[in-house]
Amino acid sequence: MELNLTGITGPSSVQSDKPLKVLVIGSGPAGFAAALYAARAELEPLVLTGMELGGQAALTNTIENYPGFPEGVGGSELGDLFQRQAERFGARVEFDTATSVDLSQRPFYVKTESGEYRAEALIIATGASPNHLDVPGESELTGKGVSYCATCDGWFFKDKKVVVVGGGDSALEEALYLTRHAATVTIVHRRDELRAGLILQRRAKENPKIDYIWDTVVTGIVGEEKVEAVRLKNVKTGEESTFETDGVFIFIGHTPNTQIFEGQLEMDDLGYLVVDSLMQTSVPGVYAAGEAADPHFRQVITSAGMGAGAAIQAGRFLEAQED
Ligand code: NAP
């Protein structure tokens with residue numbers, strides 16, 4: 001990786017180079033929207049992509065609720081469009097991941113896997129990662145039939161039996177996607193009522209490949225080289241059973257990727273960064289947008305909106321420093 005960009009410094013010379021005006025951490029809808037707005041304000045933002053270019057949205061097969069795409073748009077395609085639009089106005093993109101930060105003084109210091117950065121303003125758009133069930137067999141069989149992304153792995157389950165765990169929008173959307181490949185999709189949900197929106201519920205109920213096991217949790221995943229079955233427990237009756245399956249897709253919510261900010265930025269009990277209506281965190285000059293700071297909406301459009309707001313506010317902050 002080249003380290004000769006403005007603001008990117010070798011480990012020993014971090015103090016000597018001019019800091020970036022705006023550094024954006026994260027490359028999902030919030031990160032690229034922030035980069036677009038910051039670039040158009042001539043703040044020359046640099047985006048650190050993190051491990052997942054395009055964020056979680058890029059893992060979604062089709063996004064049907066982002067305005068401007070009446071026929072829907074592929075998640076990775078939308079991520080690519082976001083990136084190209086930000087780059088068109090001068091945003092730079094580094095395939096690098098922030099590993100620690102020092103926000104105790106400005107310019108803020110960000111260490112990454114490949115280098116170090118300093119920035120006058122920071123926009124955190126690190127998103128969230130899928131939760132795990134934390135049951136026996138889950139980690140051992142991840143990639144061997146256990147998955148957190150139907151778009152990525154569904155193809156491997158052609159004409160097979162799969163289980164989807166969860167009752168929210170993600171579970172239903174991914175279950176519907178899996179019906180393209182799998183012979184049957186069984187949704188295992190811990191209650192007898194789905195959390196997902198009504199349109200998705202109706203589509204899933206009308207799909208003949210989808211059936212349900214209600215009031216049930218997965219207590220273990222069984223298999224040697226690959227998934228063979230799940231262990232189930234009915235939470236109302238306590239009855240335990242084994243259900244044969246070739247794959248287990250887990251969609252039970254997300255945890256914000258904010259660990260590196262612990263102790264430096266105010267967060268809620270679940271780890272979401274606390275921001276005000278101007279996307280300001282508890283440290284002046286540090287802004288947060290998207291799922292890292294949003295336990296409520298978590299939509300592509302709301303994340304993008306937060307990112308735009310964060311960049312506008314970062315610009316105002318930097319202007320005020322010059323006065
Ligand atoms: P979510 O809405 O938090 O749903 C998580 C589901 O997993 C819930 O049904 C929950 O059960 C279940 N669950 C949680 N922990 C569990 C555990 N340990 N064991 C078993 N089940 C467990 O998460 P999501 O579906 O990922 O959605 C996240 C956000 O993104 C939501 O705001 C959603 O609206 C949005 N989203 C929107 C779309 C769309 O608009 N098309 C698509 C995907 C996601 P309970 O219901 O009992 O709590």
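The values are calculated or read from the model by the stated rules, or taken from the named source; none is laboratory data. Being a predicted model, the structure only gives us computed values, none of them experimental. Note that we place each Cβ from the backbone using ideal geometry, even for glycine, and neighbour counts take in every protein chain shown. Just so you know, the surface numbers come from the protein's heavy atoms only, side chains and all, with ligands and any DNA or RNA stripped out. Shrake-Rupley method; radii C 1.70, N 1.55, O 1.52, S 1.80 Å.
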**Prompt:** Summing +1 for each Lys or Arg and -1 for each Asp or Glu, what net charge is found among the other residues whose Cβ lies under 10 Å from the Cβ of R118?
**Reply:** -2
**Request:** Under 30 Å Cα to Cα from K18, which lysines show up? Leave out anything in the same chain fewer than 8 places away.
**Result:** K111
**Fill in**
With R231 itself left out, Lys, Arg at +1 and Asp, Glu at -1 over residues whose Cβ is under 13 Å from its Cβ give -4
**Item:** Selection of chymotrypsin sites (Phe, Trp or Tyr not before Pro), the range 226-313, meeting DSSP coil and at most 14 other Cβ within 10 Å
**Value:** F297
**Asked** Are there GluC sites (Glu not before Pro) in the range 64-99 that DSSP puts in a loop and that have at most 11 other Cβ atoms within 10 Å, and which ones?
**Response** E71
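Whole number in Å², please: accessible area per residue of the chain, 1.4 Å probe, ligands, DNA and RNA not counted.
On a per-residue basis, 49 Å².
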**Asked** Sorted by packing (mean other beta-carbon atoms within 10 Å per residue), highest first, where do 101-112, 23-34, 116-127 land?
**Response** 23-34, 116-127, 101-112
**Prompt:** What spacing in nm lies between the two simple spin-label points modelled at R180 and Q201, each 7 Å away from Cα in the Cβ direction?
**Reply:** 2.6
**Message:** Using the Cα atoms of the range 132-250, I'd like the radius of gyration and the largest Cα-Cα distance, Dmax, both in angstrom.
**Reply:** 13.1, 38
**Prompt:** the range 153-207: which GluC sites (Glu not before Pro) are DSSP loop and have at most 13 other beta-carbon atoms within 10 angstrom?
**Reply:** E193
**Prompt:** lysines near K161 by alpha-carbon distance under 29 Å, same-chain residues fewer than 8 away left out - which ones?
**Reply:** K144, K205, K209, K226, K233, K236
**Item:** Mean-position separation - Cα centroids, the range 244-323 and the range 76-105, in angstrom
**Value:** 15
**Request:** Calculate what fraction, in whole %, of the accessible area of the chain sits on carbon and sulfur atoms when a 1.4 Å probe is rolled over the protein chains.
**Result:** 49
**Request:** List every DSSP H helix in the chain whose Cα atoms extend 15 Å or more along the helix's own long axis and whose mean Kyte-Doolittle hydropathy is at least 0.5.
**Result:** 29-40
**Prompt:** Where the Cα atoms of the chain are projected onto their three principal axes, how long is each span, largest first, in whole Å?
**Reply:** 67, 41, 35
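Could you work out the relative contact order of the chain, using alpha carbon pairs under 8 angstrom and six or more residues apart, expressed as a whole percent? Write down the numbers at each step before the final one.
Details: 762 pairs, mean separation 63.9, N = 323.
Normalised by residue count, the contact order of the chain is 20 percent.
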**Prompt:** In square angstrom, rounded to the nearest 10, how much accessible surface does F317 have for a 1.4 Å probe?
**Reply:** 30
**Prompt:** Which percentage, to the nearest 5, of the DSSP beta bridges contained in the range 132-250 is antiparallel?
**Reply:** 40
**Request:** Just need the relative contact order of the range 132-250 here, percent rounded to a whole number, with Cα pairs under 8 Å and 6+ apart.
**Result:** 32
**Fill in**
N131 and V235 label points (each 7 Å along its Cα→Cβ direction) are spaced in nm at 1.0
**Asked** Picking from Q280, Q313, Q264, which is most flexible by a Gaussian network model of the chain using Cα springs under 10 Å?
**Response** Q264
**Environment charge at E64 (Cβ cut-off 15 Å; Lys +1, Arg +1, Asp -1, Glu -1)** = -3
**Prompt:** DSSP beta bridges in the chain, what fraction antiparallel, as a percent rounded to 5?
**Reply:** 50
